[in-house]
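Below is one structure, written out as structure tokens; comments come after it.
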Amino acid sequence: MQRYVKLFLATLATVVLVVLGDTKLGEIPPLGKFFSPCHGFWQNGLTDQRTPTRFILGGLNGKVKVVWDERMVPHIFAENDHDLYFAQGYVTAYHRLWQMDFQTYVAAGRLSEIFGRRTLDFDIRQRRLGMFEAAKRAGELFLSAPHSRKICEAYSAGVNAYLSTLSPKDYPLEYKILDYTPEPWTTLKSAILLKYMAWRLSGPNHDLQMTQNLKKVGDETMANLFPPYPADIEPVIPKNTAWDFTPLPLDKPDDLFMPKRLDLEMPVPTPQELNYMEGSNNWAVAGSKTASGHPLLSNDPHLMLTLPSVWYEMQLVSPHVNVYGVTLPGAPCVIVGFNGKIAWGVTNATSDVADWYELECNADYSEYRHDGQWKKMRRVVEEIVVRGEGKHVETVLYTHHGPVPVMPEDNRWRGRLPQLAAFRWAGHDAGNELIAFCNLNRADNYDAYVEAISHYACPAQNFVFADASGDIAIWHNGRLPAKWYQQGRFIADGSDARYDWQAWIPQAQNPHVKNPACGFVSSANQHATDKSYPYFLNAVYESYRNVRINERLRAMEKISPDDFRVLQNDSKDLHAASLLPTLLRLVSADKLKHPAAGEAVRLLQEWDFCRDAGKVAPAIFSEWWKWLYRAIWEDDFGFLPFTLYPSRRRTVELIVQEPASKWFDDTRTPQLETLPELVQQSLAKALARLDRKFGRVTHATWARYQGTSIAHLARIPGLDHKNLFVGGGASCVNATSDNSGPSWRMIVTLGPQVKAWGIYPGGQSGNPGSKYYDNFLTTWCRGELAELLYLRTPEEQHPRLLTAWQLTGEKP
């Protein structure tokens, strides 16, 4: 009997090991596959680069040479454009296959294929927002234009050529951890990737919160607390610019619409969207202000920081182009960079290209009312594969405005017909951004730059420009809806055609300036124009970084590239500088009853307003401001983050200029609160909070308080970097936050010989086992730059070059 028991237990143990070895259990990958010495994670640490050799790849028409430098940057030399983009796809997949593939699952609402039911709500949200439909339209447009079709097909063929060389043991580590396999690359995947970037930069908005605030306080107070054009703005295009065009006529209602209900259901923002601190800087100066006598250009787009990194650095060379810069893994061409004649960079325009419309629907939601007629809803069936469960079927309603992201079954109210909301977003319309970047990569002067960006649609960007002939310029550019004053600022009437987007602003009428008298152009997500511009662009704008940049550029002469590097890392906070002296006059350390109160006030008094990593004062001020801001506005507008308060700048104006304002009283209490009381109470709360979090107030250095971290793209523990020792902040030129910051710093000097410097926080390889996964990070944290190696020929010799690949479609 005992023998049979042993046999049973041995058999059971074998079955359990087999099951565990081949079965994914929750977050745990199949252990047998994962630890296999032949196929598991051990294989991912074996090599970073291939031995110099010759690769025969079906699909190439000629010869390609890929030269690798010591930073693992590929310099691709091809005999024709087809082979250039084929090689770009091949090389990008070699380093970033998992990243480019995974991002398309996120954007298209397909995460449940990997993670199962726990990501189903996110996938439903993505489908209901129309992301997949929008990407399909964009992909069709890419393929309908002969030029972009050739680029896309060559790029996809290159990615798939690399994919065909892999066996399961070669798959990137994340495929093994998450237990799924790569799929062939297509033009649709490139379109999905670009749409997701467009959504991140232009989709989320404040229409509902602004409408709720309008209902609470009325038109006059809204104009006072939320002014569309503050008096002291420094717009991208200088004030009082003469607009030399006749604007399009627009049909405008007499009065602003107020929705029937303000509890309209809208998609809940993701935590990343709530915490995401978007921001970017770019500027260019004329040769009259530089030490070299030639233009200088700077760009540092601020995005959410991830590993693998957002960008992939490379040089692309064929008989028709020689361009260097950063690319988005999964999309052809260089997005931000330079060639021998021009340089360009981008910042988010923050113009409002996303609006919400309240709908009047019939009983079964088959029709909605518009312009005096009942119009048919279009229904799109979306199938979402859920790992381990099969398919989830989702029917999305569409109006001529766009999709209805919250379905009727989600929003029933005591038997009443709900007011649904339709979503109008410029990203739903197809644009051929690939042609824009392809032409921009080849542009050699101002006119060619303008022609290139005329193809660009969404998300709207501020394209800064400089060229070797001495021109500088900036265009607030994209496909922008022509809006009447305040259109799109609040939820719109979906039944009134006057609230429709009646036209697009003609590209030539987009705000722009060339060679201004001041000798520089710049943008930092601020207003594009003053109120004189005839179309309403509307958005929530940054209002401190641009002031600091312009302040420094006005003062600088004989500027060197290193001066630009210092400015990119500038950590002075004009928000604190404009507010803190007033707060310190109102506070009494003796009344705080906190042992560190005197020391805290002393640190604040001595602070130079620079948010340097090792300083304590920035942490004290930030925590103080957080409690004060909340104390002023919470009783009037509700709880963050699902409401919108007046801007930091407007709040500072009230504190400094109107200290007796009614807004400092807490309407929830019978007594009358005053500004000095709020200042005192909020500092007391701030010091107590810092004590609890850091042990002592004086241990709260700015780097520890802000906790800038770079998460892994799939949030896999151990593949990230936490609590980096960096300075900067939301109001600084060096605009860091806990999860975002300068994703690529670049400086280019034009002239007879172009020279450039750059860095991003990460590394070229997507393999966590590679030394090139994060080898740029130390340089980035120090605020330093690497000189970029711009090669002219494939035979060029340089001590920084490591090795080379020879790619050919022919057998030797």
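Structure summary
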| item | result |
| --- | --- |
| Counted residues, region 785-805 - those being touching a residue at least 60 places away in the same chain (Cβ under 8 Å) and open to solvent by 80 Å² or more (accessible area, probe 1.4 Å) | 2 |
| Residues that are modelled with pLDDT of 90 or more, out of contact with any Asp or Glu (no Cβ under 9 Å at 6 or more places or on another chain) and among the hydrophobic types (A, V, I, L, M, F, W, C), drawn from region 226-243 | 226, 236, 242, 243 |
| Candidate set from region 172-198 (those that are open to solvent by 40 Å² or more (accessible area, probe 1.4 Å) and at pLDDT below 95); member that is farthest from the chain's Cα centre (by Cα) | 196 |
| Residue check for residue 107: of a type in the set (A, V, I, L, M) and within 21 Å of residue 311 (Cβ to Cβ) | yes |
| Selection count, region 449-467, where residues are assigned to a loop (DSSP other than H, G, I, E, B) and touching a strand residue (DSSP E or B) at 6+ places or on another chain (Cβ under 7 Å) | 3 |
| Conditions (1) within 17 Å of residue 511 (Cβ to Cβ); (2) at pLDDT below 95; (3) not small (Gly, Ala, Ser): number failed by residue 480 | (2) |
| Residue match in region 139-146 (condition: touching a residue at least 40 places away in the same chain (Cβ under 8 Å) and acidic (Asp, Glu)) | yes |
| Some residue of region 642-652 being crowded, with 18+ Cβ neighbours inside 10 Å, over 35 Å from the mean Cα position of the chain (by Cα) and modelled with pLDDT of 95 or more | no |
| Selected residue [at pLDDT 95 or above, within 28 Å of residue 787 (Cα to Cα) and touching a His at 6+ places or on another chain (Cβ under 6 Å)] from 67, 73, 91 | 67 |
| Boolean, residue 704 is within 30 Å of residue 592 (Cα to Cα) and modelled with pLDDT of 95 or more | yes |
| Helices (runs of 4 or more DSSP H) within region 120-171 that include 3 or more residues at positive phi and open to solvent by 30 Å² or more (accessible area, probe 1.4 Å) | none |
| Subset of region 586-619 [in contact (Cβ under 8 Å) with a residue 40 or more places away in the chain and either of a type in the set (Phe, Trp, Tyr) or within 21 Å of residue 673 (Cα to Cα) (or both)] | 586, 587, 588, 591, 592, 593 |
| Index of the failed condition, residue 126 passing every other in (1) in contact with a Gly (Cβ under 6 Å, 6 or more places away or on another chain); (2) of a type in the set (S, T, N, Q); (3) at pLDDT 95 or above | (3) |
| Test result for residue 247, open to solvent by 50 Å² or more (accessible area, probe 1.4 Å), part of a loop (DSSP other than H, G, I, E, B) and out of contact with any Asp or Glu (no Cβ under 7 Å at 6 or more places or on another chain) | yes |
| Selection count where residues are among the hydroxyl-bearing types (Ser, Thr, Tyr), over 22 Å from residue 719 (Cβ atoms) and open to solvent by less than 20 Å² (accessible area, probe 1.4 Å), scope region 292-310 | 1 |
| Tally, over region 423-435, of residues that are among the aliphatic types (A, V, I, L, M) and surrounded by fewer than 24 Cβ atoms within 10 Å (Cβ to Cβ) | 2 |
| Unmet requirement for residue 544, which otherwise passes all of (1) over 23 Å from residue 238 (Cβ atoms); (2) touching a residue at least 24 places away in the same chain (Cβ under 8 Å) | (1) |
| Evaluation of residue 201 against (1) over 23 Å from the mean Cα position of the chain (by Cα); (2) part of a helix (DSSP H, G or I); (3) touching a residue at least 60 places away in the same chain (Cβ under 8 Å); (4) farther than 22 Å from residue 398 by Cβ (one fails), failing number | (1) |
| Condition met for residue 453 (under 30 Å from residue 356 (Cβ atoms) and more than 19 Å from the chain's Cα centre (by Cα)) | yes |
| Selection within region 523-546 - surrounded by fewer than 20 Cβ atoms within 10 Å (Cβ to Cβ) and aliphatic (A, V, I, L, M) | 540 |
| Qualifying residue in region 99-113 (condition: crowded, with 20+ Cβ neighbours inside 10 Å, small (Gly, Ala, Ser) and in contact with a strand residue (DSSP E or B) (Cβ under 8 Å, 6 or more places away or on another chain)) | yes |
| Residues of region 677-715 that turn out to be basic (Lys, Arg), touching a residue at least 40 places away in the same chain (Cβ under 8 Å) and in a loop (DSSP other than H, G, I, E, B), as a count | 1 |
| Number of the condition not met by residue 748 [criteria: (1) over 30 Å from residue 655 (Cα atoms); (2) in a loop (DSSP other than H, G, I, E, B); (3) of a type in the set (A, V, I, L, M)] | (2) |
| Check on residue 565, surrounded by fewer than 17 Cβ atoms within 10 Å (Cβ to Cβ) and either at positive phi or assigned to a helix (DSSP H, G or I) (or both) | no |
| Number of positions in region 210-238 that are part of a helix (DSSP H, G or I) and either at positive phi or surrounded by fewer than 18 Cβ atoms within 10 Å (Cβ to Cβ) (or both) | 9 |
| For residue 513: the one exception among (1) surrounded by fewer than 24 Cβ atoms within 10 Å (Cβ to Cβ); (2) more than 24 Å from residue 279 (Cβ to Cβ); (3) at pLDDT 95 or above | (2) |
| Residue under evaluation residue 487, criteria (1) open to solvent by less than 10 Å² (accessible area, probe 1.4 Å); (2) in contact (Cβ under 8 Å) with a residue 24 or more places away in the chain; (3) over 20 Å from residue 538 (Cα atoms), criterion not met | (3) |
| Failed criterion for residue 622 (all others in (1) at pLDDT 95 or above; (2) small (Gly, Ala, Ser); (3) within 19 Å of residue 674 (Cβ to Cβ) hold) | (3) |
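Rundown of residues vs (1) under 26 Å from the mean Cα position of the chain (by Cα); (2) under 23 Å from residue 732 (Cβ atoms); (3) of a type outside the set (Lys, Arg), yes/no style:
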{"residue": "571", "(1), (2), (3)": "yes, yes, yes"}
{"residue": "574", "(1), (2), (3)": "yes, yes, yes"}
{"residue": "595", "(1), (2), (3)": "no, no, yes"}
{"residue": "599", "(1), (2), (3)": "no, no, yes"}
{"residue": "616", "(1), (2), (3)": "no, yes, yes"}
{"residue": "638", "(1), (2), (3)": "no, no, yes"}
{"residue": "660", "(1), (2), (3)": "no, no, yes"}
{"residue": "680", "(1), (2), (3)": "no, no, yes"}
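The values are calculated or read from the model by the stated rules, or taken from the named source; none is laboratory data. Keep in mind it's a predicted model, so treat the numbers as computed, not measured. All Cβ positions, glycine included, derive from the backbone under ideal geometry; neighbour counts span all protein chains shown. Keep in mind that these areas ignore ligands, DNA and RNA; they rest on the heavy atoms of the full protein, side chains included. Shrake-Rupley method; radii C 1.70, N 1.55, O 1.52, S 1.80 Å.
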